[in-house]
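For reference, the structure is listed below as structure tokens.
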Amino acid sequence: MLVYPVSYMIYSDAFEALPPLAKNAVYRKLFDVLSGQDKDENFARVPPASRGMALGILRETKSELPSYWNGR
């Protein structure tokens, strides 16, 4: 079981090779879920603290995140 609610595949070559439109869709959904903006009941089981930790880790480790990830 993963400690944080994000697949390790986000760091894979396969993810990096996604077309920009697909990668941007993944980043948008992931941000919405991790930031708590997406209130879908499917994600309710993920504690807010875990979401926040995952959000912070991705901000620190993924250099190509869209600007809205950092509030810019």
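Here, each number is a calculation from the coordinates, and none is a lab measurement. Since the structure is predicted, the reported quantities are computational estimates derived from the model, not experimental observations. A quick note on method: Cβ atoms are made from the backbone with ideal geometry, for glycine too, and the neighbour counts reach across all protein chains shown.
Can you give the FRET efficiency to the nearest 0.05 for E60 and A25, using r as the Cβ-Cβ distance and R₀ = 25 Å? Each step should come with its number before you reach the end.
Values: r = 22 Å, r/R0 = 0.90.
That pair, E60 with A25, gives E of 0.65.
Would you look at the GNM of the chain, springs on alpha carbons closer than 10 Å, and say which of S50, S12, S35 moves the most?
S12
By what distance, in whole Å, do the Cα atoms of the chain stretch along each of the three principal axes, largest value first?
Reported extents, whole Å, longest axis first: 30, 30, 22.
Once every DSSP H run of n ≥ 4 in the chain is given -39500 (n - 2.57) and the sum is divided by its residues, what mean residue ellipticity at 222 nm do you get, rounded to the nearest 500 deg cm²/dmol? Please list the in-between numbers first.
Working: 3 runs with 33 residues, N = 72.
The helix contribution divided over the chain gives -14000 deg cm²/dmol.
Helix 20-34 against the longest principal axis of the chain: what's the angle in degrees, Cα atoms only, rounded to the nearest 10?
Approximately 20 degrees, to the nearest 10.
Roughly how many debye, to the nearest 20, is the charge dipole of the stretch 14-72 about its Cα centre, given +1 on each Lys and Arg Cβ, -1 on each Asp and Glu Cβ, and no other charges?
On the way: 9 positive and 7 negative charges, 17 e Å.
For the stretch 14-72, the charge dipole is close to 80 debye.
Binning every alpha carbon pair distance of the stretch 25-64 at 10 Å from zero, what are the percents per bin?
30, 58, 12
Enumerate by residue number the GluC sites (Glu not before Pro) in the chain meeting two conditions: DSSP loop (anything except H, G, I, E, B), and at most 11 other Cβ atoms within 10 Å of the site's Cβ.
Numbers: sites: E16, E41, E60, E64; in loops: E64.
Qualifying residues, ordered by number: E64.
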